[in-house]
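The values are calculated or read from the model by the stated rules, or taken from the named source; none is laboratory data. Predicted model, so just to flag it, every value in this text is computed and none were measured. Because the Cβ atoms are built from the backbone with ideal geometry, glycine has one as well, and the counts that use them run over all protein chains shown. Each accessible area value is taken on the protein alone, full model and side chains, heavy atoms only, with ligands, DNA and RNA left out. Shrake-Rupley method; radii C 1.70, N 1.55, O 1.52, S 1.80 Å.
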Amino acid sequence: MQDSNNDAIRTLAGWLQSATSAVAFTGAGISTESGIADFRSPGGVWSRHKPVDFNDFLRDAEERRRFWTIRRESIPEFLAARPNAGHDALARLEQSGRLVGVVTQNIDELHQRAGSRRVLEVHGTAMRVHCLSCDKRWTAEEMQPRLEAGELDLLCDECGGLMKSMTVSFGQTLPADVWMEAMQWSRRCDVFLAIGSSLVVYPAAELPQTAKRRGAKLVIINRDPTPLDEIADLVINAPIGATMTAVMAVMNANG
């Protein structure tokens, strides 16, 4: 960690030390440090494939095949990934009682694998598949052999309904219960950590602004500048894992 960030690390450690209801909001940046490519980055999935709109998925078998082709490509990367120091730090903060939980834009379940118990997935998860009609569920790991065998228009063996990964596609509404709870956390938190998010995707980017308006300290940890830097109380442009490792070390040293 560069010397220029030392003051910011100590400041953040102090805020988290006294926090009782901190909230973390995470984006693709925390997962890229586990080897998962950002969908939007050059070479990412969306640079090679146009996203499948939800309504097109429902009406067009060819679009469903395209959807599952993309999933066939991405699932192995998700399965191979492992939580990194950033994920681990957030899990420990939750266990200490300082962090209410994690609101994530990511669909890889790395937070849960790191030990976080309260995770709100505003964009759903790619690690599970369900029937859109009867809600029967499968793991992505179970589905991958079928996809690799060329089965690209999956139908439920229970009711014959369309199967889809439990991600929120373009044109599909965010899960209302998840969004309402995320807003409640944001309104009530004392520190809001925006980690690895470009903060340009709405409505998710409303959460840090809501927290700031309600009096929380807004901290942004991201490789690149974001549109909300100017309203943040603290901005750290540095790798997430190294930053959170340093913050936890200061907290441990302080007792």
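Could you compute how much accessible surface Arg214 exposes when probed at 1.4 Å, giving the result in Å² to the nearest 10?
The accessible area of Arg214 comes to roughly 150 Å².
Taking Cα atoms, how many degrees apart are the long axis of helix 240-254 and the longest axis of the chain, rounded to 10 and kept between 0 and 90?
40 degrees
Please list, in chain and number order, the residues 5+ apart from Val122 or on another chain whose amide H is under 5 Å from its amide H, with Hs placed from the backbone.
HN-HN under 5 Å from Val122: Thr104.
From the residues Ile30, Gly215, Met244, which one has its Cα farthest along the dipole of the chain in the positive direction, the dipole being from +1 and -1 charges on Cβ of Lys/Arg and Asp/Glu about the Cα centre?
Gly215
How would you rank 126-134, 242-250, highest first, on the average number of other Cβ atoms within 10 Å across their residues?
Top to bottom by mean Cβ count within 10 Å: 242-250, 126-134.
With viscosity set to 1.002 mPa s at 20 °C, what whole-number translational diffusion coefficient in µm²/s follows for the chain from Stokes-Einstein and a Kirkwood radius over Cα pairs?
The estimated diffusion coefficient comes to 113 µm²/s.
Starting from the Cα-Cα distance between Gln184 and Asp53, subtract it from 0.36 nm times their residue separation and give me the gain in nm to one decimal.
This chain segment gains 44.3 nm when fully extended.
Could you tell me the relative contact order of the stretch 125-235? Use alpha-carbon pairs under 8 Å, at least six residues apart, and round to a whole percent.
Reported as a whole number, the value is 20 percent.
What is the packing order of peptides 99-111, 10-22, taking the mean over residues of other C-beta atoms within 10 Å and listing the highest first?
99-111, 10-22
Solvent-accessible area per residue for the stretch 92-153 at a 1.4 Å probe radius, Å²?
45 Å²
Please report the carbon-and-sulfur percent of the accessible area for the chain; probe 1.4 Å, protein heavy atoms only, DNA, RNA and ligands left out.
48 percent
For helix 85-95, report the angle its Cα long axis makes with the longest principal axis of the Cα atoms of the chain; keep it between 0 and 90° and round to the nearest 10°.
70 degrees
Which angle from 0 to 90°, rounded to the nearest 10, does the C-alpha axis of helix 6-18 make with the longest principal axis of the chain?
It is inclined by approximately 80 degrees.
How much accessible area per residue does the stretch 198-253 have, counting only protein heavy atoms and a probe of 1.4 Å, in square angstrom?
On a per-residue basis, 46 Å².
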